[in-house]
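Scroll down for the structure; my scribbles are underneath it.
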Amino acid sequence: MNISPSGLQSNSVSIEDSVRAFRVFEVLRSGDTPAILRAIHESKASSDSPPTLAGTTILHLAIQCAEPQVVDLVISNGGDVDINATDREGNTPLHLAAQLGRFPIVKNLLEQPGINDTIPNHQGRSAIDLARTPEIFQQLQLARSLFVDQKIQEVHMLVAQNDYKKLEDLLVEPRVEGCLDVNALELSTDQITVQSGGTLLHEAARKRDIQLAQILLMHGADPFRRDRKGKLPQDVTKDDRTRGILKKSPAAAVAKRGIQEKAILGSNPGQARSSAGGISEGSKDAREMKGYLKKWTNYTSGYKLRWFVLEDGVLSYYKHQGMLLRIVTPNGKLIWG
């Protein structure tokens, strides 16, 4: 493989750092096992000495130039090697392996304990964003799906056991924080909540489980997320204390600020979200607004909550999400319902 080590590409790298990295690079490429083991040992920084490879690691270098068995040697003999260490560009070993199209190494890294495929580099891109081949993309996607499914099952078990200490520990795992949405409908276990399309926070509110509700709110649960019937978590409980926590939580305060910002920036919501979340002004998200609003139905029923979607000037509204009632064009022409 004719690849230059990334540790030699930055203008901020000193000549000494470049020379050290290049020597390690050549040793790794040679496949000389005793020399590689010596390089692994020398690359470990002690508490009273600086690292020998500034801005990169021996694992990063191995992925760029060495055969898969050499990479495996570095991983297995690295002792306390940081499988998620980043280089100057913020790339982890998994970033580099995916970018360089090294499928066997990607697969090996994904099998390592503690691997985190959700880490973004300095450009905000994760390993799957850099996947060079469809095969690598599918492998990363499969690993993510299997991990999420496993963690969902663990959440179900911990909620059923009321083991909230372990639940908190699970929710702060770096990889879990990066890919598990606490508002995902799959986390709900209660039959009523599942049928109504509610979140785990809806379930906690319905069960008057204040401890669970507080844990979820602390880890990103949305107290303004409605179920398919248009109900907030606070609407599905009759317990005043539970309702008060949902209304006055820090998460509720953040959500309120978001609603106020949308009201102020409503004339161009796509541009506001583009600066914050990387959504382009021409994307579907930038051209679409949706949410629950009250609509006058008739004198008998009065106002009822309806799910409205405004996309490209076409207004649609539904009794619940997914149940279409009517579509109206910008000039007021009724084209459905």
Open item on the list: Once you place label points 7 Å from the Cα toward the Cβ at residue 67 and residue 195, how far apart are they in nm?
Closed with: 6.2
Open item on the list: Using a 10 Å cut-off around each Cβ, can you sort 242, 33 from fewest to most neighbouring Cβ atoms?
Closed with: 33, 242
Task: Sequence ranges 119-129, 198-208, ranked by mean other-Cβ count within 10 angstrom, highest first - done: 198-208, 119-129
TODO: For region 43-199, build the convex hull from the C-alpha positions and give me its volume per residue in Å³.
DONE: 134
Task: Paramagnetic reach from residue 172 (point 7 Å along Cα→Cβ, amide N under 17 Å) across region 215-254 - done: 215-221
TODO: Between residue 145 and residue 22, take the C-beta separation as r, use R0 = 30 Å, and let me know the FRET efficiency to the nearest 0.05.
DONE: 0.15
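Which entries in 166/238; 107/165; 151/229; 207/229; 207/247; 207/231 show an alpha-carbon gap greater than 23 Å?
166/238; 107/165; 151/229
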Task: Charge dipole of region 146-255 about the Cα centre (unit charges at C-beta), most positive-ward option of 158, 172, 223 - done: 223
- [ ] Note the full-extension length gain between residue 35 and residue 309 as 0.36 nm times their separation in residues minus their Cα-Cα distance, in nm to one decimal.
- [x] 92.2 nm
Task: Relative packing of 157-163, 93-99, which averages over residues the other C-beta atoms within 10 Å, highest first - done: 93-99, 157-163
Task: Full-extension gain in nm, residue 165 to residue 152, via 0.36 nm per residue minus C-alpha separation - done: 3.1 nm
Open item on the list: Modelling each spin label as a point 7 Å along the Cα-to-Cβ direction, I'd like the residue 132/residue 239 distance in nm, to one decimal.
Closed with: 5.5
Open item on the list: How charged is the neighbourhood of residue 206? Take every other residue with its Cβ under 15 Å from the Cβ of residue 206, and add Lys/Arg as +1 and Asp/Glu as -1.
Closed with: +3
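Any read-out appearing in this document is the output of simple, stated calculations on the displayed coordinates, not a laboratory observation. Note that the coordinates shown come from a computational prediction; the quantities given were computed from them, not determined experimentally. Reconstructed Cβ throughout: ideal geometry from the backbone, glycine too, with neighbour counts over all protein chains shown.
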